[in-house]
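Scroll down for the structure; my scribbles are underneath it.
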Amino acid sequence: MKRMAWVLMLAAAVPLAAQEPTEPQDTAGAAQLRQQIEQRFHQIVRERLVLTDQQDAQLRATQEKFGAQRRDLMREQADHRQALDRQMQPGVAANPESVQLHLQGIQRNQERLLRLQQDEDREMAGYLTPVQRAQYQMLRDRLANRLSELRRQRQGGGMGAPGMLGRPRAGRGMRPRAAPQQRPRRHP
């Protein structure tokens, strides 16, 4: 757990330029940050999954092969979401054709991301056990969730900022659930 926390602290300590593909930023710094996070993540994966040298080499090759494709799709997805957000601003009439275009782009990219994940998992099934694949997926999901959380905080939204289309996130805009009241039991 401490090792995963270290990766997350590293991600928090350095600006997340690598995760902001639509903002013009120092691409060398972003690439360096991404490389540091990926290296540390890979170290944790190797230790937690108890990879052999051969599995380690195969996993690295898979990560390189699918990582670049995933980054491209995520960058394109972010572009569609930002364009859609611009169209859906309160008080401004949205262009229906543009909205439709970006909705279709988001849907298409979600399908492509799912296929990419399935292809990646299929390739990893050739050299990792099902338990190792599940552990890998869990570690990657935790890192992705943490990076998303940090990105939201960096953008000024914090944990409770409203999500896409104004849906409240847990903790903001929702009343806390009241504890169920205990009624005294009556015995006849």
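In the set 120, 111, 76, which member is open to solvent by 70 Å² or more (accessible area, probe 1.4 Å) and of a type in the set (Asp, Glu)?
Values: 120 fails: open to solvent by 70 Å² or more (accessible area, probe 1.4 Å); 76 fails: open to solvent by 70 Å² or more (accessible area, probe 1.4 Å).
On inspection, the qualifying residue turns out to be 111.
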task = Would you please name the residue that is farthest from residue 43 (Cα to Cα), looking only at residues in the range 131-161 that are open to solvent by less than 50 Å² (accessible area, probe 1.4 Å) and either of a type in the set (S, T, N, Q) or touching a Cys at 6+ places or on another chain (Cβ under 6 Å) (or both)?
result = 148
request  = Kindly establish whether residue 64 is open to solvent by 70 Å² or more (accessible area, probe 1.4 Å), in contact (Cβ under 8 Å) with a residue 12 or more places away in the chain and assigned to a helix (DSSP H, G or I).
outcome  = no
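To keep it simple, each residue is scored yes or no on (1) at pLDDT 90 or above; (2) under 16 Å from the mean Cα position of the chain (by Cα); (3) open to solvent by less than 80 Å² (accessible area, probe 1.4 Å).
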residue	(1), (2), (3)
2	no, no, no
26	no, no, no
43	yes, no, no
46	yes, no, yes
request  = Please list, ordered by first then second residue, the pairs with beta carbon atoms under 7 Å, 6 or more apart or interchain, first in the range 77-98 and more than 19 Å from residue 110 (Cβ to Cβ) and free of Cβ contacts under 8 Å to residues at least 12 places away in the same chain, second aliphatic (A, V, I, L, M) and open to solvent by 80 Å² or more (accessible area, probe 1.4 Å).
outcome  = 94/88
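A quick yes/no check of all residues on (1) of a type in the set (A, V, I, L, M); (2) within 20 Å of residue 141 (Cβ to Cβ):
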| site | (1), (2) |
| --- | --- |
| 65 | no, yes |
| 76 | no, no |
| 80 | no, no |
| 88 | yes, no |
| 93 | yes, no |
| 105 | no, no |
| 110 | no, yes |
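For the structure I just gave you, tell me whether residue 128 is open to solvent by 90 Å² or more (accessible area, probe 1.4 Å) and modelled with pLDDT of 95 or more. Spell out the reasoning first.
Details: open to solvent by 90 Å² or more (accessible area, probe 1.4 Å): no; modelled with pLDDT of 95 or more: yes.
So residue 128 fails the test.
The values are calculated or read from the model by the stated rules, or taken from the named source; none is laboratory data. Note that the coordinates shown come from a computational prediction; the quantities given were computed from them, not determined experimentally. Note that we place each Cβ from the backbone using ideal geometry, even for glycine, and neighbour counts take in every protein chain shown. Side chains are part of the model used for accessible areas, which takes the heavy atoms of the whole protein and leaves out ligands, DNA and RNA. Shrake-Rupley method; radii C 1.70, N 1.55, O 1.52, S 1.80 Å.
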